[in-house]
Amino acid sequence: MNKENAQPKLSATVLIVRDGETVPEVLMVKRHYQIDFAAGALVFPGGKATGEDSSAGWDPYTDGDFGPVQQDARIAAVREAYEESGLLLARPRQKRGTDMPLVGPDVAEKLDPFRAAVDRGEQSFLELIREHDLVLALDSLVYFGHWITPDLMPKRFDTHFYIAPAPRDQIAAHDGRETTDSVWITAQDALDSEEAGESVIIFPTRMNLKKFAKATSVQDAAKRFAAEPVVTVLPRQDKTENGEACLVIPEEAGYGQTIELLSRVNV
């Protein structure tokens, strides 16, 4: 393994959720087939943190104070959600504060034309938020999971997973560059789609879908997972009793599964 891949890169992923007819739904996007990681897979919006995500300039433009790593990862999660889905987890700066409403579709639509430029690094996300007098609603994110890619993988990520209620009346739309489709889907329907061979879902995504499937509503998800400790998952390679190569994750992480065959990892 080369030095570039030795240290996992800080990343963030967000499960944006809404109440469905009977159980909650989560927004998933389909990765472009030419992307170098998880090509063609059904995933939650997310990606690597950028240098700007850790800028001290964000301090007046965020609701919530979570310390260096969590603050950076939450900013990355909100930015990635904006880039990949168009959903903006933000509030007007003049009406900021926990439990205050997020911006509506008018603001999200106003900022939509800048998504590609922010994604390419041509437009500062911080400057965009500042210019439109907004604050990121970092406090609306519930810490949900923490996965670190094992050493055996060619690309390694230190990924923090969050759950966030969907902004009311905003419309999600894939970006057409990194993602080619978007869908609101229940966790079980997504899992069934993969089982039927209709979708590709990578191991961490699959496990977090199984975990999210426990929730009966958005309110239940926020309450349930906010109360549960997040156990870091660094899968280790092993073999099953039958001698098949597998990954093993800690039971205390609460995924209801501790072994995954390497043949099903899908990366």
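For the range 73-208, a simple Cβ point-charge model (Lys and Arg +1, Asp and Glu -1, everything else neutral) yields a dipole of about 620 debye relative to the Cα centre.
Beta-bridge orientation, the chain: approximately 70 percent antiparallel, per DSSP, counting only bridges with both partners inside.
May I have the convex hull volume per residue, in Å³, for the Cα set of the range 108-166?
Output value, Cα hull per residue: 123 Å³.
Equivalent ellipsoid of the range 199-261: semi-axes from √(5λ) of the C-alpha gyration tensor, largest first, are 26, 13, 9 Å.
Which semi-axes, in whole Å and largest first, does the equivalent ellipsoid of the range 3-231 have when worked out from the alpha carbon gyration tensor as the square roots of 5 times its eigenvalues?
On the way: eigenvalues 122, 87, 65 Å².
One finds semi-axes of 25, 21, 18 Å for the range 3-231.
For the range 94-155, GluC sites (Glu not before Pro) are listed when DSSP marks them as loop and at most 13 other Cβ atoms sit within 10 Å of their Cβ; the list is 122.
Pairs of Cα atoms in the range 33-142 fall into 10 Å distance bins, from 0 up to the last occupied one, in shares of 14, 49, 30, 7, 0 percent. Structure note, pairs 155/210; 211/239; 9/110; 30/155; 48/210; 95/210: Cα-Cα distances above 26 angstrom occur for 9/110; 95/210. Based on Cα contacts under 8 Å between residues 6+ apart, the range 3-231 shows a relative contact order of 31 percent. When both the range 138-207 and the range 91-136 are represented by their alpha-carbon centers, they are found 22 Å apart. Rounded to the nearest 500, the 222 nm mean residue ellipticity of the chain from helices alone is -7500 deg cm²/dmol, with -39,500 (n - 2.57) taken per DSSP H run of at least 4 residues. With all pairs of separate Cα atoms included, the range 86-141 yields a Kirkwood hydrodynamic radius of 11.6 Å.
Using only the Cα atoms of the range 99-221, build the gyration tensor, take square roots of its eigenvalues as a ≥ b ≥ c, and label the shape rounded, prolate or oblate: rounded if a/c is under 1.5, else prolate if a/b is larger than b/c, else oblate. Verdict is prolate for the range 99-221.
Only the coordinates and a few stated rules stand behind these numbers; no lab work does. A quick note: this is a predicted structure, and the numbers were derived from the prediction, not measured. With ideal geometry, Cβ positions are generated from the backbone for all residues, glycine too; neighbour counts draw on all protein chains shown.
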